[in-house]
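What follows is one structure encoded as structure tokens, with my remarks underneath.
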């Protein structure tokens, strides 16, 4: 009986090891600062319209998370950065847009994206 159990353990180990695949390295992540400041970027605030109206990043458009799936097609072919208040809704928007073939980046919060814009503006003014 011990030999039988030992044989099953060895067979299971061989099968499990044979099924593993080599890890595919992820593509290097783009520098969010470069993407946000790119002239061809589309900034998308995924918060509700009332929050968007209270403040957002410069040149951002508002597509609430509840509407992001219906607008995915219009974002294809564009470089898109999504953001919200704390990043939770942005994470969901990233997943939805990726599934729809959109080149999308997670900007986390609107304050983060705005800070990147302000940093770039200040750097350009100091040249």
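Quick check on segment 56-64. Is at least one of its residues at positive phi and either in contact with a helix residue (DSSP H, G or I) (Cβ under 6 Å, 6 or more places away or on another chain) or modelled with pLDDT of 95 or more (or both)?
Checked against the condition, which is being at positive phi and either in contact with a helix residue (DSSP H, G or I) (Cβ under 6 Å, 6 or more places away or on another chain) or modelled with pLDDT of 95 or more (or both), segment 56-64 yields at least one hit.
Kindly evaluate residue 88 against the criterion of being more than 22 Å from residue 37 (Cβ to Cβ) and free of Cβ contacts under 8 Å to residues at least 12 places away in the same chain.
Taking the combined requirement at face value, the residue satisfies it.
Do we have residue 94 as more than 16 Å from residue 34 (Cβ to Cβ) and assigned to a helix (DSSP H, G or I) here?
yes
For segment 84-91, indicate whether the set of residues that are in contact with a helix residue (DSSP H, G or I) (Cβ under 6 Å, 6 or more places away or on another chain), surrounded by 12 or more Cβ atoms within 10 Å (Cβ to Cβ) and assigned to a strand (DSSP E or B) is non-empty.
Yes, that holds for at least one residue.
The values are calculated or read from the model by the stated rules, or taken from the named source; none is laboratory data. In this text the structure is predicted, and so the values were computed from the model without any measurement. Note that we place each Cβ from the backbone using ideal geometry, even for glycine, and neighbour counts take in every protein chain shown.
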